[in-house]
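Worksheet for the structure shown next.
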Amino acid sequence: MDDPFGRAVRAGRGPLWLRRPDGSRLVLEVERWCAPAAGADHGLVLRCLGLSAPVLDLGCGPGRLVAALLGAGVPALGVDVCAASVEHTAHLGGLVLRRSVFDRLPAEGRWGGVLLADGNLGIGGDPAALLARAGALLAPGGLLLVETAVPEVDEVADVRVEGPDGAGPPFRWARCGPAATLRHARAVGLEQAERWVSHGRSFLALERT
């Protein structure tokens, strides 16, 4: 049975929130994630065009970036733990695995690009560990493209995904702004190659040092 996130993905719409311990809620942009790539997404795709090896989208969600990359002629694979997201990505024609980003993945150390978009830097609630894992997946000269929080935050909390019909189980999640992301990245041997803001979203390109 789907959790609130899976039900929202199947419906293609929210409302859906991330409930924090203090009771505040962050809106999850289900409609944008389920729609075709647009706005700042095109900047991610553009930066993948010149890479010499395929691209891995960690936490690919409903698969819009995988589909956009394939449409641009960039070989890509999505990875996600949510069954509804995996099914949606496959429906778009994308290659996708239902797997944790910390599980064994194909072609480790040979990916030209790795994506952590849409807040997926929060996966596992340990940004340094996730960045180290993502960096280890890269081929020499590859790029890790990370979407950061816009405000300069650096926080870890136990959160729940909440919809109109209830909330899912708690899990550990992180939010990091650009400075905090770069600090965690440098601690695991990654350095900034580029930083940019587009359509109200914030990004870093990181490379192994």
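For the range 77-136, report the translational diffusion coefficient in µm²/s to the nearest whole number, using Stokes-Einstein at 10 °C, 1.306 mPa s, and a Kirkwood Rh over Cα pairs.
Values: Rh = 12.3 Å.
Once the numbers are plugged in, D ends up at 129 µm²/s.
Under a 5 Å amide H cut-off, with hydrogens placed 1.01 Å from N, Val153 pairs with Gly177 among residues at least 5 apart or on other chains.
Would you kindly state how much longer the chain becomes between Ala11 and Val156 on full extension, computed as 0.36 nm times their sequence separation minus their alpha carbon distance, in nm to one decimal?
Contour length minus Cα-Cα distance gives 49.3 nm.
Probing with 1.4 Å while keeping every protein chain in the model, the per residue accessible area of the chain equals 44 Å². Taking amide hydrogens as placed 1.01 Å from N in the peptide plane, the amide H of Leu95 sits under 5 Å from those of Gly78, each at least 5 positions away in sequence or on another chain.
Whenever you get a sec, compute what percent of the accessible area on the chain sits on carbon and sulfur atoms (1.4 Å probe).
On the way: 5160 of 9290 Å².
Roughly 56 percent, rounded to a whole number.
Taking only the alpha-carbon positions of the range 23-111 and ignoring solvent, what does the Debye formula give for the base-10 log of I(q)/I(0) at q = 0.16, 0.19 Å⁻¹? Debye curve over Cα of the range 23-111, log10 I(q)/I(0) at q = 0.16, 0.19 Å⁻¹: -0.62, -0.85. If you look at the Cα atoms of the range 1-73, you get an Rg and a Dmax of 14.7, 45 Å.
Extension gain for the segment Glu29 to Arg172, taken as residue separation times 0.36 nm less the Cα-Cα distance, is 49.5 nm to one decimal.
The values are calculated or read from the model by the stated rules, or taken from the named source; none is laboratory data. Fair warning: this is a prediction, and the values are worked out from it, not measured in the lab. In case anyone asks, the SASA skips ligands and DNA or RNA and just uses the protein heavy atoms, side chains included. Shrake-Rupley method; radii C 1.70, N 1.55, O 1.52, S 1.80 Å.
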